[in-house]
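Visitor: Take a look at the following structure, please.
The values are calculated or read from the model by the stated rules, or taken from the named source; none is laboratory data. Quick caveat: nothing in here was measured; it's all calculated off a predicted structure. Cβ placement follows ideal geometry from the backbone for every residue including glycine, while neighbour counts extend to all protein chains displayed. Calculation scope for accessible area: heavy atoms of the full protein, side chains included, ligands and nucleic acids excluded. Shrake-Rupley method; radii C 1.70, N 1.55, O 1.52, S 1.80 Å.
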Amino acid sequence: MKLKNIIYGMMCVAALGSCSDKMEYHEYNNYDEDFVKLNFGNVGGLITNIYLSMDVDFGNYSGAILGSATDESEYAYSGNQIEDFYNGSWSPSNAKSSMWTSCYEGIANCNLYLEKFTGLTFPELALNSDYAQQMFRYTNYQYEVRFLRAYFYFNLVRQYGDVPFSDHILTAEESNTLSRRPAQEIFDYIIAECDDIKDKIIVDYSKLGDMALPSSPAETGRANRKTVLALKARAALYAASPLFNPTDNRELWYRAAKANKEILDDSNGFAEKAKLLVEDYSSLWSKDNYNDATNELIFLRRATTTTNSFEGYNFPVGLENCKGGNCPTQTLVDAYEMKDTGLRPDELDNYDPYYTNRDPRFYLTIAKNGDEKWPNWNTVPLQTYQGGLNAEPLSGGTPTGYYLKKYCQTAVDLRAGTASKTYHSWITFRFGEFYLNYAEAVYKYLGSPYATDNEFTTSAVDAIKVVRTRAEMPGFPQGMTNDAFWKKYQNERMVELAFEGHRFWDVRRWKEGDKHFKNIVEMKITKNGDDTYTYERKVKERSWDDKMYFFPIPQSEKSKNPNLEQNPGW
């Protein structure tokens, strides 16, 4: 297991996630323990380094996102490593192990901090005018670190199932002899940690009163009470899901419903006039989302520098310096229902693409043939039909007939001479997810999408209605069978959370990989002589094996630690 004893960081942020347009950076070298204990800033640098281990996905696979290993999208270039997930090249020696490495490094740094850097008093700084405020901030660090350690363990258990566990600094011998701890024990640990720190960690950094630092704006990039409750709620849902709960233990669904209710209740999320969801869905991923969508966004992982690489990977090919990349599938497009009826287009009598009168989230997430001003400096409507300006057979031309909008900043210019960059923020937790999580858990616990009881007074369909109302979509109909509800719920989750990193894991925790990941559907568009279009659906097969519910343990780790048993099938 790759566990570092001490990492003080190469690029550490003094005020992580502040509300300013630029974050302040300081260089730190690998100084010793005494240096870190000198002042508040040095300790803060170590904390920030741990935050920087949190995951994002702005094209982690040489431009491809994890969604392109699912039925959400297809990467336009063959030979990209994202294909390993579905072409048989995935293996213990090609284990996609960056999460293993980054999480255990993060856990090691958390353990280091909690053993070496708590309980300090900084007496030489006691006469400083901001000493009380700095000590208040410092005292809170330990709870942030405990949250981060639990977060890293969640990412590990989600990906590998049973994983090695340690809550203290390990010797090299210890790290190479640990056995895997059962997944449910890891979930229990995560939930217990969250319960222990939820009332100790800062509730809201914008409401610190006399404990606010006089010269600093309120911070939006640090864990607070809601962040802790969000991790607990997500972990409880995963623990109850079929992949981790094969006996369908009803008590685990109760725990999940209760945890997701807790975070919503904490912000009056079920109140009649609750305003947890922002009106503008696209503001969730705008460059100013940390200001514009604060009601809904619980925690963001903000990129540390301005970039335009995500736009370069995903803006339509045929435009200057644009590569086309993660192209939404027709499978995903079909999930966007008709606005008036709430029916999928393939549920209508005479199926065709029906690009008009669709769920408004479709137009904000996906760029289609004929769209204008995408990106906003493009003066020619998109041509994604065969032979069009932005289509096959151009290298990188969309194989699906669509391009990605979500997370792309339309104002980013990639043309020589006018090129621009901007900040990007990855959504880690937002309230839209937790309405859906609650709906799933309470449905599974109570056994009906319409059921309530004395504790859970909001039904699954009513929780989902909150999300759909924001999208200007009709609520779920009355009288659905459980099977019909489950299908519609999964569809809603695919649409609402598209490209936010959920689909890859949702299908796995549901144990429905053989249903959703064996193929995708592309749309091949032909322009006719009379300026009409012909649409041809093309099914593209992919490989799925049930061993893929969990990642393989990296062979390099097994070689160092013989106690690491391999996941089944690998």
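Visitor: Find the helices (runs of 4 or more DSSP H) located wholly in the range 210-293 whose residues include 3 or more that are crowded, with 22+ Cβ neighbours inside 10 Å, and list them.
Guide: By residue number, 225-240, 250-266.
Visitor: Residue by residue through the range 158-202, note down the ones that are surrounded by 13 or more Cβ atoms within 10 Å (Cβ to Cβ) and among the β-branched types (Val, Ile, Thr).
Guide: Val163, Ile169, Thr177, Ile186, Ile190, Ile191, Ile197, Ile201, Ile202
Visitor: Go through the range 509-547 and count every residue that is under 24 Å from the mean Cα position of the chain (by Cα) and open to solvent by less than 10 Å² (accessible area, probe 1.4 Å).
Guide: 3
Visitor: Which condition breaks for Leu300 when tested against (1) touching a residue at least 24 places away in the same chain (Cβ under 8 Å); (2) over 23 Å from Tyr153 (Cβ atoms); (3) in contact with a strand residue (DSSP E or B) (Cβ under 7 Å, 6 or more places away or on another chain)?
Guide: Checking Leu300 against (1) touching a residue at least 24 places away in the same chain (Cβ under 8 Å); (2) over 23 Å from Tyr153 (Cβ atoms); (3) in contact with a strand residue (DSSP E or B) (Cβ under 7 Å, 6 or more places away or on another chain), the one that fails is (2).
Visitor: Please find, among Lys421, Lys444, the residue that is under 28 Å from Gly312 (Cβ atoms) and either among the acidic types (Asp, Glu) or open to solvent by 40 Å² or more (accessible area, probe 1.4 Å) (or both). Spell out how you get there, then give the answer.
Guide: Details: Lys444 fails: under 28 Å from Gly312 (Cβ atoms).
Result of the check over Lys421, Lys444: Lys421.
Visitor: Does any residue of the range 399-414 turn out to be at pLDDT 95 or above and touching a His at 6+ places or on another chain (Cβ under 9 Å)?
Guide: yes
Visitor: Just the residues that are at pLDDT 95 or above and under 20 Å from Met135 (Cβ atoms), please, taken from the range 189-224.
Guide: Ile197, Asp199, Lys200, Ile201, Ile202, Val203, Ala223, Asn224
Visitor: With respect to Leu46, determine if the residue is within 20 Å of the chain's Cα centre (by Cα) and at pLDDT below 95. Outline the logic, then answer.
Guide: Numbers: within 20 Å of the chain's Cα centre (by Cα): no; at pLDDT below 95: yes.
Here the answer is no, as Leu46 does not meet what is asked.
Visitor: Return the residue satisfying two criteria in turn: it lies in the range 548-565 and is open to solvent by less than 50 Å² (accessible area, probe 1.4 Å), in contact with a Lys or Arg (Cβ under 7 Å, 6 or more places away or on another chain) and in a loop (DSSP other than H, G, I, E, B), and of such residues it is farthest from Asn350 (Cα to Cα).
Guide: Taking the candidates together, the pick is Leu564.
Visitor: Okay, next question. Looking at this structure, is Trp486 more than 26 Å from Thr384 (Cα to Cα) and open to solvent by 20 Å² or more (accessible area, probe 1.4 Å)? Spell out how you get there, then give the answer.
Guide: Values: more than 26 Å from Thr384 (Cα to Cα): yes; open to solvent by 20 Å² or more (accessible area, probe 1.4 Å): yes.
Answer is yes for this residue.
Visitor: Name every residue in the range 323-339 that is assigned to a loop (DSSP other than H, G, I, E, B) and either modelled with pLDDT under 95 or open to solvent by less than 10 Å² (accessible area, probe 1.4 Å) (or both), in order of residue number.
Guide: Initially, the range 323-339 is screened for residues assigned to a loop (DSSP other than H, G, I, E, B), giving 323-325, 329, 336-337, 339.
Within the range 323-339, Gly324, Gly325, Thr329, Tyr336, Glu337 qualify.
Visitor: Also, I was wondering about something else. Of all residues being hydroxyl-bearing (Ser, Thr, Tyr) and in a loop (DSSP other than H, G, I, E, B) in the range 358-412, which is surrounded by the fewest Cβ atoms within 10 Å (Cβ to Cβ)? Just the residue, please. Working first, answer last.
Guide: Quick first cut of the range 358-412, residues hydroxyl-bearing (Ser, Thr, Tyr) only: 363, 365, 379, 384-385, 395, 398, 400, 402-403, 407, 410.
Checking the rest, the ones that are also in a loop (DSSP other than H, G, I, E, B) come to 379, 384-385, 395, 400, 402, 407, 410.
On the way: Thr379: 7, Thr384: 28, Tyr385: 22, Ser395: 10, Thr400: 25, Tyr402: 27, Tyr407: 23, Thr410: 18.
Looking at the filtered set, the residue picked out is Thr379.
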